[in-house]
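What follows is a set of notes on a single structure, which appears directly below.
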Amino acid sequence: MEQKLPNGFVVRDGRQFKLDGNAYAVAGVNCYFLAYCAEESRRAAMQTAKQMGANTIRSWAFLDTAGPGGLTFQYQDNGVIKMNDGPDGLARLDSVIQIAEELGLKLILPLVNHWGDFGGAPMYLKWLGLGTDVKVFYESLEARLAYRNWVKHVLTRRNTLTGRLYSEEPSIMAWELTNEARCDGNRDLLLDWVHEMANYVKQLDKNHLVALGDEGFFNERLFAHGKGQLYDGQHGTDFHAILEIPEIDFGGYHFYPQDWGHDKDLEFGDQWVKDHARVGDRIGKPVLMEEYGLKLGDAVVPDGAARNTWFTRWLKVVNETGTAGALLWMLGGTEPDTIGFKDPYVVYKPDEVSLLVDRAHTTGAA
């Protein structure tokens, strides 16, 4: 059922997204560092995304540090977890949101990292003296309350540049509860956490879509070809069960074949897209390939041309299955304060990759 919201907000309608009554096929990039750099660098990266044909950017809405000082969104001071609303804090996210609106881009914003990069769940455990087992982040009442405090602070923040609450910002497409949540060996614990936190976000924000932001691993024998960590549930994620949660609006899945044991089997990407499409069809919600990437330099992907051939092939399957779109990992920047934000998957220029898309095919899907 399509949500009824003011113009400018992306909503879901069955298996598709819509914007102002029209189908909205997601085509875009991950550019996680937008709130971590100067405004000039931020604007340059977002303009590059626009030149690539992007309509959506996924970027971090978290930066957790051990103590005060320097660039930080959230930190601990004398045993108290505090938020930084100043120019070296959330004011930078204000700017990301404003520029997105200027450029006609939509944002997907994860609220915490499962991993230790930029703080994440491990930093919550450090703040609270809860050890190093990341499962405790999902289990501990203290950690849940600390995370909820952060979520409330962000969603009820008033943007110093637009004057709107974040919950009222049309350039935000969706909140994600995490980046790449895992709870190894404890599916039920993670599902309980997702139920609680998705419901909490919806209480605070009636305007925006919500997703978990996980890698899309399955926990079922639905697929005869399914085996290994992507299908056996060992990481505690269950794509099907997560998508069934009422407050979860869409499912995201990632794809890194070279890191997942499919480095010589890139054709598997076709099946990975189809398997997620099948679950989306069954439940009636959109599914989005929100991270995908290939590293250059091996026999299978020797150069950018080979990489783009594989990207084009996978995105063709995204189109053909009528799923909601895809976001490349990752767009980098060449300015001095962004050049360090890179990994083996980075691209820099519009002509390096084709993003999506046979838009007519995707947006015309039933």
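Anything in the range 148-202 that is closer than 24 Å to residue 55 by Cβ and β-branched (Val, Ile, Thr)? List them, or say none.
154, 162, 172, 178, 201
Would you mention how many residues in the range 38-47 are surrounded by fewer than 22 Cβ atoms within 10 Å (Cβ to Cβ) and either among the aliphatic types (A, V, I, L, M) or touching a Gly at 6+ places or on another chain (Cβ under 8 Å) (or both)?
Residues flagged as surrounded by fewer than 22 Cβ atoms within 10 Å (Cβ to Cβ) and either among the aliphatic types (A, V, I, L, M) or touching a Gly at 6+ places or on another chain (Cβ under 8 Å) (or both) within the range 38-47 amount to 3.
Here is a check on your reading of the model: is residue 264 outside any helix (DSSP H, G or I) and modelled with pLDDT of 95 or more?
So residue 264 does not fit the description; no.
Quick one: in the range 187-205, of everything that is touching a Leu at 6+ places or on another chain (Cβ under 8 Å) and more than 18 Å from residue 113 (Cα to Cα), which residue is surrounded by the most Cβ atoms within 10 Å (Cβ to Cβ)?
Here the answer is 205.
Scan 327, 331 and give me the residue that is at pLDDT 95 or above, at negative phi, out of contact with any helix residue (DSSP H, G or I) (no Cβ under 9 Å at 6 or more places or on another chain) and of a type in the set (A, V, I, L, M, F, W, C).
327
Condition first: crowded, with 17+ Cβ neighbours inside 10 Å and in a loop (DSSP other than H, G, I, E, B). Now tell me which residues in the range 301-337 satisfy that.
Of everything in the range 301-337, those that are crowded, with 17+ Cβ neighbours inside 10 Å and in a loop (DSSP other than H, G, I, E, B) turn out to be 301, 321, 322, 323, 324, 330, 332, 333.
Could you grab me the full set of residues in the range 257-290 that are touching a residue at least 40 places away in the same chain (Cβ under 8 Å), in contact with an Asp or Glu (Cβ under 8 Å, 6 or more places away or on another chain) and of a type outside the set (S, T, N, Q)?
Across the range 257-290, the qualifying residues are 283, 285, 286.
Considering only residues that are within 16 Å of residue 289 (Cβ to Cβ), of a type in the set (Gly, Ala, Ser) and part of a strand (DSSP E or B), which ones fall in the range 8-32?
Residues satisfying the conditions are 27, 28.
Residue check: is residue 51 in contact with a Ser or Thr (Cβ under 9 Å, 6 or more places away or on another chain), at pLDDT 95 or above and of a type outside the set (A, V, I, L, M)?
no
(1) within 23 Å of residue 122 (Cβ to Cβ); (2) out of contact with any strand residue (DSSP E or B) (no Cβ under 9 Å at 6 or more places or on another chain): which one isn't true of residue 38, the others all being true?
The single condition residue 38 does not satisfy is (1).
For the range 181-217, give me each residue that is more than 21 Å from residue 10 (Cβ to Cβ), outside any helix (DSSP H, G or I) and over 18 Å from the mean Cα position of the chain (by Cα).
184, 185, 186
Are any residues in the range 338-348 of a type outside the set (S, T, N, Q) and part of a loop (DSSP other than H, G, I, E, B), and if so, which ones?
339, 340, 341, 342, 343, 344, 345, 346, 348 - these are the residues of the range 338-348 that are of a type outside the set (S, T, N, Q) and part of a loop (DSSP other than H, G, I, E, B).
Residue-wise test of (1) of a type outside the set (Val, Ile, Thr); (2) surrounded by fewer than 16 Cβ atoms within 10 Å (Cβ to Cβ); (3) touching a Gly at 6+ places or on another chain (Cβ under 8 Å).
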position	(1), (2), (3)
55	yes, no, yes
59	yes, no, no
89	yes, no, no
94	yes, no, no
97	no, no, no
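The values are calculated or read from the model by the stated rules, or taken from the named source; none is laboratory data. Just so you know, these numbers come straight off a predicted model, no measurement behind them. Heads up, the Cβs are rebuilt from the backbone with ideal geometry, glycines too, and the neighbour counts pull from every protein chain shown.
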